[in-house]
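The values are calculated or read from the model by the stated rules, or taken from the named source; none is laboratory data. Keep in mind the model is a prediction, meaning the values are calculated, not measured. Using ideal geometry, Cβ is built from the backbone for each residue, glycine included, and neighbour counts are taken over all protein chains shown. All accessible areas refer to the heavy atoms of the entire protein, side chains included, with ligands and DNA or RNA removed. Shrake-Rupley method; radii C 1.70, N 1.55, O 1.52, S 1.80 Å.
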Amino acid sequence: MADCIFCRIARGDIDAAEVYRDDEIVAFRDINPQAPVHMLVIPVAHLTGIAAADDDDIALLGKLLKVARDLAAEQGLDKRGYRLVINQGLEAGQSVDHIHVHLLGGRPMRWPPG
Ligand code: 5GP
Ligand code: ZN
């Protein structure tokens, strides 16, 4: 997807504060952080959202969560707690149509989310 902002970050065409990269996954700091730690974990391959994932993507979905979990631990959040969020579609407020896991932490979180 040539004009997808997260594809462009994954390709390195746009700068982002990267915190993790391998062949399949990139993670970087959110440009508009909603918590002291706010990172986004994305697949390099374009996938519009969790709803578009199929059975071939199961391992990739697991890896997105694993990378997010490991980054949380790296940030010292594993004892304090943190939140992983995937927004899907309009009513959830998804604004970038390239699947991403939000890692949020470093402050108390309320429930339910707004
Ligand atoms: P969504 O609302 O789709 O779940 O989350 C999209 C997130 O991507 C938002 O939190 C937004 O701040 C972040 N974002 C959008 N464009 C960019 C960008 O160019 N760079 C970075 N680092 N984050 C972005
Ligand atoms: Zn994309």
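The long axis of helix 58-74 is offset from the longest Cα principal axis of the chain by roughly 40 degrees. Projecting the Cα positions of A53, G93, C4 onto the charge dipole of the chain (unit charges on Cβ atoms of Lys, Arg, Asp and Glu, taken about the Cα centre) puts G93 furthest along the positive direction.
Only four residue types carry charge here, +1 at the Cβ of Lys and Arg and -1 at the Cβ of Asp and Glu. Report the dipole size of the chain about the Cα centre in Debye, rounded to the nearest 20.
740 debye
Please report the relative contact order for the chain, taking Cα pairs under 8 Å with a sequence separation of at least 6, and give it as a percent rounded to a whole number. Don't skip to the end; give the middle numbers.
Numbers: 162 pairs, mean separation 33.7, N = 114.
Here the relative contact order equals 30 percent.
Of the residues I42, L104, L64, the one whose Cα sits farthest toward the positive end of the charge dipole of segment 5-105, with +1 on the Cβ of Lys and Arg and -1 on the Cβ of Asp and Glu, is L104.
In whole percent, and with a 1.4 Å probe on the protein chains, what portion of the accessible area of the chain is carbon and sulfur? The partial results should precede the final answer.
Working: 3610 of 7000 Å².
Carbon and sulfur together cover 52 percent of it.
Given a 1.4 Å probe, how much area per residue of the chain is accessible, in Å²? Can you show the working numbers first?
On the way: 7000 Å² over 114 residues.
Heavy-atom accessible area per residue stands at 61 Å².
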